[in-house]
Amino acid sequence: MVSTNTLANNDAQQYARPVLNQAVRLSWELSDPNQLAGVQDVVASAMEKLNYYPRDQYAVQMGLQETVFNAFEHGNSMCPTKKVYVTATICDNKCWFQIEDEGAGFDVENVPDPTLPENLTRLDGRGIYMMKAFLDSVEYQSPGNVVTISKQRTIEG
């Protein structure tokens, strides 16, 4: 069973309190990068209740931070009237997040590879590189203002 909740910006931290024992779908409309902390609290709580390992939680937190901050900074150019929309689906075995900004988008193929010798001193591309290393998938939809990230729960046997 999936429950759907749309949260106002200030409600995110309050929602982190309920006990979760099922899949959950959440969405936020963010107008300020500082609101991400509340989103991360809710996501961490949900992942913990569904027995995700701390390393999986860390990977998701890092991916969310990088994606949402990029959406505000690069996508929306820090314009205070533009929003970033975050949707999360957290199940017992996998979680997905879609982050959408109101910018024109970009072509991820034009982002320089930070591991190439000529780019080692450049800053651009490092966040995307880290996201791809930590998460199971990072997919950009044309025109490049929507990204979907996912992480499967680690199963140790």
Residues in the range 55-74 that are under 19 Å from residue 25 (Cβ atoms) and in contact (Cβ under 8 Å) with a residue 40 or more places away in the chain total 5
Scanning the range 38-65 for residues that are open to solvent by 50 Å² or more (accessible area, probe 1.4 Å) and at negative phi, the one nearest to the chain's Cα centre (by Cα) turns out to be 65
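The values are calculated or read from the model by the stated rules, or taken from the named source; none is laboratory data. Remember, predicted model here, so these are calculated numbers, not experimental data. When we count neighbours, we look across all protein chains shown, and the Cβ atoms used for this are built from the backbone with ideal geometry, even at glycine. Side chains included, ligands, DNA and RNA excluded: accessible areas come from the protein's heavy atoms. Shrake-Rupley method; radii C 1.70, N 1.55, O 1.52, S 1.80 Å.
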